[in-house]
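**Student:** Pasting in a structure now, in structure tokens, and then I'll have a few things to ask.
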Amino acid sequence: MVILKSEEEIEQIRQSNMIVAEILAGLAELVKPGVRTIDLDAYAEEGARRKGAVPAFKGYRGYPFSLCTSMNEEVVHGMPSDRELKEGDIISLDFGIFYKGFYGDAALTAAVGQISANAARLIAVTRESLAAAIKNVRPGNRIGDVSSAVQRCVETAGYSVVRDFVGHGIGRELHEEPPVPNYGRKGRGIELKEGMVLAIEPMVNEGSYEVKVKEDEWTVVTRDGKLSAHFEHTVAVTSRGAIVLSAVDGN
Ligand code: MF3
Ligand code: CO
């Protein structure tokens, strides 16, 4: 687990996450009917390399792409292909890089053209659950305070929280201690301390929380075939509360 010790280190990991944020914002603009997910992957990879950053997922445990593109019932780790986006789809884009010693990691779910009211609400609730989590990030709070905030937001809306994949500490490695589940109990888990950095990433299912991995050994899908959405921010714990490192506009 990294503990940032200076403003300079906060600035460095912010730079890494800003590159992720800018590329994700560019990707979100590209999401339109007819675009292939492999084109999104190329945009992400080239964008990173142009900034002198290294895509973090490519080669990670053998993952073959720079970007994860999870469509509709796909939860996470969907793989880019020549599949074209079509009107009404939703797509989760998850991207990470390594830059000057620090990792950045973030994700968002975007609408392809006009989507159903259902799908739009799932996306909105998932985004809100991440905001609720971030509000609970401050020194002295515990991981369970963050986890339970996500769970309450999601379950109150009638959706479910994926159990099999969780958020994580991040810093000099992509995945560091501690795990950051999206379900749990207030007051439980390790205490948050100044200098910690967390990647908080609610994965929210329209139906049951059960998931399975497809035959490609990467793509995680809902068991019931219903929709899933995913948002992720990298957040630093500071004396002033949470700083969202992976947002262009600070949230
Ligand atoms: N963004 C994912 C995470 O937060 C990492 C994807 S890893 C890869 O854990 F295997 F897909 F590369
Ligand atoms: Co992550």
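**Student:** Just to be sure, is A110 in contact with a helix residue (DSSP H, G or I) (Cβ under 8 Å, 6 or more places away or on another chain), away from ligand 2 (no atom under 16 Å from the Cβ), closer than 26 Å to K226 by Cβ and in a strand (DSSP E or B)?
**Tutor:** yes
**Student:** May I pose another question? Scan region 31-81 residue by residue and report those that are charged (D, E, K, R) and closer than 21 Å to L227 by Cα.
**Tutor:** The answer is K32, R36, E73, E74.
**Student:** Specify which of the listed residues (S116, S92, S81, S66) is of a type in the set (S, T, N, Q), over 12 Å from the mean Cα position of the chain (by Cα) and surrounded by 20 or more Cβ atoms within 10 Å (Cβ to Cβ).
**Tutor:** S66 is the lone residue from the list that is of a type in the set (S, T, N, Q), over 12 Å from the mean Cα position of the chain (by Cα) and surrounded by 20 or more Cβ atoms within 10 Å (Cβ to Cβ).
**Student:** Does A124 satisfy the condition of being more than 16 Å from ligand 2 (Cβ to nearest atom) and part of a strand (DSSP E or B)?
**Tutor:** Taking the combined requirement at face value, the residue does not satisfy it.
**Student:** Hey, another quick one. Name the strands (runs of 3 or more DSSP E) wholly inside region 166-251 in which the number of residues that are within 11 Å of ligand 2 (Cβ to nearest atom) is 1 or more.
**Tutor:** 167-169, 176-180, 197-200, 203-205, 228-230, 233-238
**Student:** Hey, another quick one. Given the structure, is M1 within 28 Å of L122 (Cβ to Cβ) and surrounded by 16 or more Cβ atoms within 10 Å (Cβ to Cβ)?
**Tutor:** For M1, the condition - within 28 Å of L122 (Cβ to Cβ) and surrounded by 16 or more Cβ atoms within 10 Å (Cβ to Cβ) - is not met.
**Student:** Only one residue in G169, G144, G187 is within 16 Å of ligand 1 (Cβ to nearest atom) and under 30 Å from S6 (Cα atoms). Which one?
**Tutor:** Residue meeting the stated conditions: G169.
**Student:** Filter region 26-65 for residues that are under 21 Å from E176 (Cβ atoms) and touching an Asp or Glu at 6+ places or on another chain (Cβ under 6 Å) and give the result.
**Tutor:** Passing the criteria: only P55.
**Student:** Okay, moving on. Which condition does A149 not pass, out of (1) surrounded by fewer than 19 Cβ atoms within 10 Å (Cβ to Cβ); (2) aliphatic (A, V, I, L, M); (3) more than 12 Å from ligand 1 (Cβ to nearest atom), if it passes all the others?
**Tutor:** Unmet for A149, out of (1) surrounded by fewer than 19 Cβ atoms within 10 Å (Cβ to Cβ); (2) aliphatic (A, V, I, L, M); (3) more than 12 Å from ligand 1 (Cβ to nearest atom): (1).
**Student:** I've got another one for you. Taking T156 and the conditions (1) more than 23 Å from P55 (Cβ to Cβ); (2) within 15 Å of ligand 2 (Cβ to nearest atom), which numbered condition does it fall short on, given that it satisfies the others?
**Tutor:** Here T156 clears every test but (2).
**Student:** Hey, another quick one. Name the pairs whose Cβ atoms lie under 9 Å apart, with the first residue in region 12-39 and at pLDDT 95 or above, the second in a helix (DSSP H, G or I) and among the acidic types (D, E), and 6 or more positions between them or separate chains?
**Tutor:** Qualifying pairs under 9 Å: L30/D39.
**Student:** Just give me the residues in region 23-62 being part of a loop (DSSP other than H, G, I, E, B), within 16 Å of ligand 2 (Cβ to nearest atom) and among the basic types (K, R), in sequence order.
**Tutor:** Once the filter is applied, which keeps residues that are part of a loop (DSSP other than H, G, I, E, B), within 16 Å of ligand 2 (Cβ to nearest atom) and among the basic types (K, R), region 23-62 yields only K58.
**Student:** Can you tell me how many residues in region 174-221 are surrounded by fewer than 16 Cβ atoms within 10 Å (Cβ to Cβ) and of a type in the set (F, W, Y)?
**Tutor:** Number satisfying all stated conditions: 0.
**Student:** Restricting attention to region 85-102, which residues are in a loop (DSSP other than H, G, I, E, B) and either without any contact (Cβ under 8 Å) to a residue 60 or more places away in the chain or more than 22 Å from E9 (Cβ to Cβ) (or both)?
**Tutor:** Passing the criteria: L85, K86, E87, G88, D89.
**Student:** I've got another one for you. Taking the residues in region 152-166 that are crowded, with 18+ Cβ neighbours inside 10 Å and either touching a residue at least 40 places away in the same chain (Cβ under 8 Å) or within 16 Å of ligand 1 (Cβ to nearest atom) (or both) as candidates, determine which candidate is nearest to the chain's Cα centre (by Cα).
**Tutor:** The residue in question is V166.
The values are calculated or read from the model by the stated rules, or taken from the named source; none is laboratory data. Note that the structure is predicted; figures quoted are calculated from it, not measured. Methodologically, a virtual Cβ is constructed for each residue, glycine included, from the backbone with ideal geometry; neighbour enumeration extends over all protein chains shown.
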